[in-house]
1. Which order do SER169, SER281 fall in if you start with the one that has the fewest other Cβ atoms within 10 Å?
2. Output the Kirkwood hydrodynamic radius of the stretch 256-438, Cα pairs only, in Å rounded to one decimal.
3. Shape call for the stretch 1-218 from the C-alpha gyration tensor, a ≥ b ≥ c root eigenvalues: rounded (a/c under 1.5), prolate (a/b greater than b/c) or oblate?
4. Give the aspartates and glutamates reachable from LYS295 as a straight Cα distance under 17 Å; neighbours fewer than 8 places away on the same chain don't count.
5. Using C-alpha positions alone, give me the convex hull volume of the chain per residue in cubic angstrom.
6. Which order do HIS152, HIS372 fall in if you start with the one that has the fewest other Cβ atoms within 10 Å?
7. Please report ILE251, ILE109 as a ranked list, fewest other C-beta atoms within 10 angstrom at the top and most at the bottom.
8. Determine ³J(HN,Hα), in whole Hz, for all residues of the stretch 219-229 in sequence, where each value follows from phi through the Karplus function 6.51 cos²θ - 1.76 cosθ + 1.60 and θ = phi - 60°; x replaces Gly and Pro.
Amino acid sequence: MRINQLKAGVALSYSSMILGYAIAILYTPIMLRLLGQSEYGLYNLVSSVVSYLGLLSFGFGSAYMRYYSRYKVKNENKNIAKLNGMFLIVFLVIGSVAILAGIVLVLNIGFILGGKLSVSELSSAKILMLVLIFNMALSFPASVFDSYITAHEKYIFQKILQMIKIILSPFVILPVLFMGYKSVGMVVVTTALSIIIYLANAIFCFKKLNIKFSFYQFDFILMKEISSFTFYIFLNMIIDQINWNIDKFVIGRFWGTIAVAIYGLAAQLNTYYLSLSTVLSSVFIPRVNRIVLEKNDDNELTELFTRVGRVQFIVLLLICSGLIFFGQPFINMWAGTDYKESFPIAMVLIVPVTIPLIQNLGIEIQRAKNMHQFRSIVYFFIALGNIFLSIPLCKLYGGIGSALGTAISLLIGNGLIMNLYYHKKVGLNMKYFWSQILKFVPALLPPMAIGFLMYLFVDLFSLKKFLVCGVVYIVVYSVSMWFLGMNQYEKYLIGKPITKLFLKLKLYKIAD
């Protein structure tokens, strides 16, 4: 049943993602035109500021899985109930602090966002900030239920709920935008949908998973241990905020909301790219914790790390290489020529981040082994370097300058330092990992050659030619990967579901 949940979780995650991308392709251009470039930039700017309140969780959410697994292995249900109660109390307090901190932000919004915003933009920003803060505050206690569902590996419920939200969002948001409520209406609707998701998770936990809470005898010793464990996760959260949100803030202060809108679209594409890898690795978090707790076998962890990394590489390189050849015409046709400068920014962000994305299961391995401290310290100094690079580069070159600061920090931190740490200290065989990744090189040559020829000789700004060439590229990439890149395990992963589908269709035909 666990294996079925895992496989179904991965399948539903990618189905949900593909559905989300398909809807985004149709929905985003309409949303951008209804909002306008300045309003979209304002939404991105305010969101980037409010996201810093997420740091108030101090990384406690990431610790839940570790301590739940510890008690589950020993069948200590009373301690699990205490853990649930403790986390709920902590997150309720954090949610209250987030509201108070948010009020301070709203009262000082003019100083925080700088002098590039008009009076009307500042007025809208206050309302946006209040609604986003309320949503953020609710998300803290709600995360306890989401973590509990993940701990039980009930991926089917989680992913179906996610798919429902993806489908509903544009159908609810677009009428609000057509009525002229703009970004304020959009965040109100998004918050309402989030509340429904939070309630659904809580009901599922109580009705199906029989979640228990114990609020007696608050375990301060355990709290101290968790705090020590999560300190470096918290440090890593600060780093992520710097790497992915500081750019919008800096651009907003020096260049205004339109520049933020251009960068924001590139960042949105980068977010889609990031989510492609986390889907697969996230379902292996419980398994990683079990391996570490029960066997702590570095060879088994290396094998799992490499297996997941190779699958992530296959998916990510299709998107990354496709964007190189088709990204500029896609953005021009999709978002409009006003956003054409988003393409180079997106590529500067996406290409370097590919290295950590195919290795993101390693983060969970570090946490399971309680060896995540080094990564956080290294990333902290890299993030500081990112700030010092991004500010002068932003002043000189705008959004592309800020993106370069982020890219350089990612290449140094992930491409070099973390790979050495994985190999020398964590116990993962990185020579084996990269030898397995490099086996894909022959499979990449045919699609890259085809893509380059299309880029040189075909007018990809024509929608018909763009679609035809896109399909050809995907087919060439897939065939090349199948025959020149994939191993037997990867072919089995893809081939088995297809074989089952054809078998079912054949049986249905016989039955008819």
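Just so it is clear, none of the values below were taken in a lab; they were calculated from the coordinates. Note that this is a predicted model, so its numbers are computed, not measured. Neighbour counts run over all protein chains shown; Cβ positions are idealised from the backbone, glycine included.
1. Going from least to most buried by this count: SER169, SER281.
2. Numbers: mean 1/r = 0.0571 Å⁻¹.
After inverting the mean inverse Cα-Cα distance, the result is 17.5 Å.
3. Oblate.
4. Within reach: GLU303, GLU364.
5. Once divided by residue count, the hull of the chain is 170 Å³.
6. HIS152, HIS372
7. Neighbour counts put them in this order, fewest first: ILE109, ILE251.
8. 7, 5, 5, 5, 4, 5, 5, 5, 4, 5, 5
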